[in-house]
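Peer 1: I have a structure here, written as structure tokens, and I will follow up with some questions on it.
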Amino acid sequence: MSNDPSSEGTTMKIGIIGAGNIGGNLTRRLTALGHDVSVANSRGPQTLTALAEETGATAADAKDAARDAEVVVVTVPLKRVPDLPSGLFEGAADGFVVIDTGNYYPRERDGRIPEIEDGGLTESRWTESHVGHPVVKAFNGTYAQDILERPRPAGDPERMALPVAGDDERAKRVVRDLIDELGFDTVDAGGIDDSWRQQPGTPVYGLRAGAEAVGKALAEASPERPAAFRG
């Protein structure tokens, strides 16, 4: 196994924190691609037996899922981010990358988060402040079923593109290469302070389209949070 997560085409140790729709389907696809996946949820490894048996992934608690991981996917409800264990990444591999798939749904799920609504933090910047490590925002506007059903080879005219935001160019490249391996193009959406362009209620959120249309949608986003996504 390569210790450089930027080495294209190598098997990686990947930890997935959260086994909901996105986390579960990423577990399915990433194990199928040959990666060494450990998956955790808030209810304990014993509740992940079926997913582990189906995929060959290792059911773990959160810290064990992150241990030695080159990529850690944090895919939990936003309101649960502060409940993640302290020192979550203490055992992760050198140079590990964190993917944040989260969205802020104040009315349906998360309640009002003042730092986001009053302080002007993007959702991923807020998550970053709690997990204590830079994140790359990806998959937040992707339908979970599309991860299973819509991969296409490079160059296919029907290949979807996903926006990817992050401050660290190396980390962003690791994530973009992984998404390419999963069967999707990517569009660089800028840094984490620009990631409002892909938050809920923006033109790119949930968009099933190629790179050109995704880039156009990102450019058309308004920084004002839509009323439906304010607490």
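The values are calculated or read from the model by the stated rules, or taken from the named source; none is laboratory data. What you see is a predicted model, and the numbers here were worked out from it, not measured in a lab. Counting neighbours? That spans all protein chains shown, and the Cβs are built from the backbone with ideal geometry, glycine included. Just so you know, the surface numbers come from the protein's heavy atoms only, side chains and all, with ligands and any DNA or RNA stripped out. Shrake-Rupley method; radii C 1.70, N 1.55, O 1.52, S 1.80 Å.
Peer 1: Tell me, what is the per residue accessible area of the chain in Å², probe radius 1.4 Å?
Peer 2: Details: 10200 Å² over 231 residues.
Accessible area per residue: 44 Å².
Peer 1: Remind me, relative contact order of the chain in percent, using alpha carbon pairs under 8 angstrom and six or more residues apart? Before the final figure, lay out each step's value.
Peer 2: Working: 486 pairs, mean separation 40.3, N = 231.
About 17 percent, as a whole number.
Peer 1: What's the ranking of 182-190, 197-205, 52-60 by average number of surrounding C-beta atoms within 10 Å, highest first?
Peer 2: Top to bottom by mean Cβ count within 10 Å: 197-205, 182-190, 52-60.
Peer 1: Run the accessible area of the stretch 34-181 with a 1.4 Å probe and give the carbon-and-sulfur part as a rounded percent.
Peer 2: 46 percent
Peer 1: Let me ask something else. What GluC sites (Glu not before Pro) in the stretch 56-119 are in a loop by DSSP, with at most 12 other Cβ atoms within 10 Å of the Cβ?
Peer 2: Values: sites: GLU70, GLU90, GLU108, GLU115, GLU117; in loops: GLU70, GLU90.
When the GluC sites (Glu not before Pro) of the stretch 56-119 are filtered for loop state and at most 12 Cβ neighbours within 10 Å, GLU90 remain.
Peer 1: I've got another one for you. Quick check for me: using +1 on Lys/Arg Cβ and -1 on Asp/Glu Cβ, what's the dipole size of the chain about its Cα centre, in debye to the nearest 20?
Peer 2: Values: 25 positive and 37 negative charges, 131 e Å.
My answer is approximately 640 debye.
Peer 1: In addition: Ranked from highest to lowest mean number of other Cβ atoms within 10 Å per residue, what is the order of the peptides 16-22, 157-163?
Peer 2: 16-22, 157-163
Peer 1: Right, here's the next one. I'd like the trypsin sites (Lys or Arg not before Pro) in the stretch 26-112 restricted to DSSP loop residues with at most 15 other Cβ atoms within 10 Å, sorted by number.
Peer 2: Here the trypsin sites (Lys or Arg not before Pro) that fit, given the DSSP loop and packing criteria, are ARG43, ARG112.
Peer 1: With a cut-off of 8 Å between alpha carbons and a minimum separation of six or more residues, what is the relative contact order of the stretch 24-81 in percent?
Peer 2: Once divided by the residue count of the stretch 24-81, the mean separation gives 31 percent.
Peer 1: How many nm separate the modelled label positions at LYS79 and HIS130, each set 7 Å beyond the Cα in the direction of the Cβ?
Peer 2: Between LYS79 and HIS130, the label points sit 1.1 nm apart.
Peer 1: Relative contact order of the stretch 74-147, please, whole-number percent, based on alpha carbon pairs below 8 angstrom and at least 6 residues apart.
Peer 2: 39 percent
Peer 1: Looking at the P(r) of the stretch 1-149, how many percent of alpha-carbon pairs lie beyond 23 Å? Let's see the in-between values first.
Peer 2: Working: 3622 of 11026 pairs.
Counting every Cα pair in the stretch 1-149, those more than 23 Å apart make up 33 percent.
Peer 1: If you take the Cα atoms of the stretch 81-231, find Rg, then find the Kirkwood Rh from the mean of 1/r over all pairs, what is Rg/Rh?
Peer 2: 0.96
Peer 1: To continue, here is another question. Return the calculated 222 nm mean residue ellipticity for the chain, to the nearest 500 deg cm²/dmol, obtained by summing -39500 (n - 2.57) across DSSP H runs with n ≥ 4 and dividing by the residue count.
Peer 2: Mean residue ellipticity at 222 nm (helix-derived): -8000 deg cm²/dmol.
Peer 1: What spacing in nm lies between the two simple spin-label points modelled at ASP68 and ARG230, each 7 Å away from Cα in the Cβ direction?
Peer 2: 4.9 nm
Peer 1: What are the chymotrypsin sites (Phe, Trp or Tyr not before Pro) within the stretch 108-165 that DSSP puts in a loop, where the Cβ has at most 16 other Cβ atoms within 10 Å? If you can, show how the numbers build up before the last one.
Peer 2: On the way: sites: TRP126, PHE139, TYR143; in loops: PHE139, TYR143.
When the chymotrypsin sites (Phe, Trp or Tyr not before Pro) of the stretch 108-165 are filtered for loop state and at most 16 Cβ neighbours within 10 Å, TYR143 remain.
Peer 1: Have a look at the DSSP beta bridges in the chain and tell me what percent are antiparallel, nearest 5.
Peer 2: So the antiparallel bridges in the chain amount to around 10 percent.
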